[in-house]
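Beneath this line is the structure, given in structure tokens, with notes to follow.
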Amino acid sequence: MNGMRDFSRELQFKTSRSSGAGGQNVNKVETSVTVLWNVSGSAFFNDAQKALISDKLRNRINAEGILFLTVSESRTQLMNKNKAIEKIIELVDKALVIPKKRWATKPSKSQKQKRLDTKKKLSDKKENRRFKF
């Protein structure tokens, strides 16, 4: 796993039949994998990290505090399970990244002048296209 932390032992899995095209295989084999993870019950993350995960991934967390993700990309359950583990770890890693605070800055005089020059050139170009009597 390329994730920051491997909390895959805390994950639970449910299988179901995949939807969509696929004929007989789709109709009889449970290849779709749903991975479930109890965010608040995790032993791998501290309370601040859990709060961050819960806040950023609130659209994927149900009322019981379970984060879930369904994968049905592959024809085999094992490949879907591995893909689901990979995706949920990636999701949690991204949720734990705190973006750098941005500071408001003013454009320099040269930047302002360059912008105005560009506008003037474009204006002149369009003016020259007009039909003159």
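Residues whose amide H falls under 5 Å from that of SER18, counting only those 5 or more places apart or on a different chain, are THR31, SER32, with hydrogens built in the peptide plane. Magnitude of the charge dipole for the chain, about its Cα centre and with charges confined to Cβ atoms of Lys, Arg (+1) and Asp, Glu (-1), is about 1720 debye. Semi-axes of the equivalent ellipsoid for the stretch 56-133, computed as √(5λ) from the eigenvalues of its C-alpha gyration tensor and ordered from largest down, come to 53, 23, 12 Å.
Rank-order 92-98, 44-50 by packing density, defined as the average count of other C-beta atoms within 10 Å over each peptide's residues, highest first.
Highest-to-lowest ranking by the protection proxy: 92-98, 44-50.
Each peptide in 119-127, 59-67 receives the mean, over its residues, of other Cβ atoms within 10 Å, and ordering these scores from highest gives 59-67, 119-127. For LEU122 and ASP47, the difference between the fully extended length at 0.36 nm per residue and the C-alpha to C-alpha distance is 21.5 nm. With respect to the chain, whose longest principal axis is taken over its alpha-carbon atoms, helix 109-129 is tilted by about 70°. Highest GNM mean-square fluctuation among GLN24, GLN113, GLN77, for the chain modelled with Cα contacts below 10 Å: GLN113.
Karplus-derived 3J(HN,Hα) values for the stretch 7-16, using 6.51 cos²θ - 1.76 cosθ + 1.60 with θ = phi - 60°, are 9, 5, 5, 8, 7, 10, 10, 10, 10, 8 Hz; glycine and proline are entered as x. Size check on the chain: the Cα extents along the three principal axes, sorted descending, read 77, 45, 29 Å.
For LYS87 and ARG115, a Förster radius of 41 Å and the Cβ-Cβ distance give a FRET efficiency of 0.45, rounded to the nearest 0.05. How far is helix 77-96 tilted, in degrees, relative to the longest principal axis of the Cα atoms in the chain, given as a value from 0 to 90 rounded to the nearest 10? In the chain, helix 77-96 runs at an angle near 50 degrees to the longest axis. Beyond a 29 Å Cα-Cα separation, which of these cross-linked pairs lie in this structure: LYS50/LYS87; LYS106/LYS132; LYS50/LYS101; LYS14/LYS101; LYS100/LYS120? Listed pairs above 29 Å: LYS106/LYS132; LYS14/LYS101; LYS100/LYS120. Modelled label positions at PHE133 and GLN12, each set 7 Å beyond Cα in the direction of Cβ, lie 8.2 nm from each other.
No value in this document is a laboratory result; all are computed from the given coordinates. Just so it is clear, the structure is predicted and the values come from calculations on it, not from any experiment. Methodologically, a virtual Cβ is constructed for each residue, glycine included, from the backbone with ideal geometry; neighbour enumeration extends over all protein chains shown.
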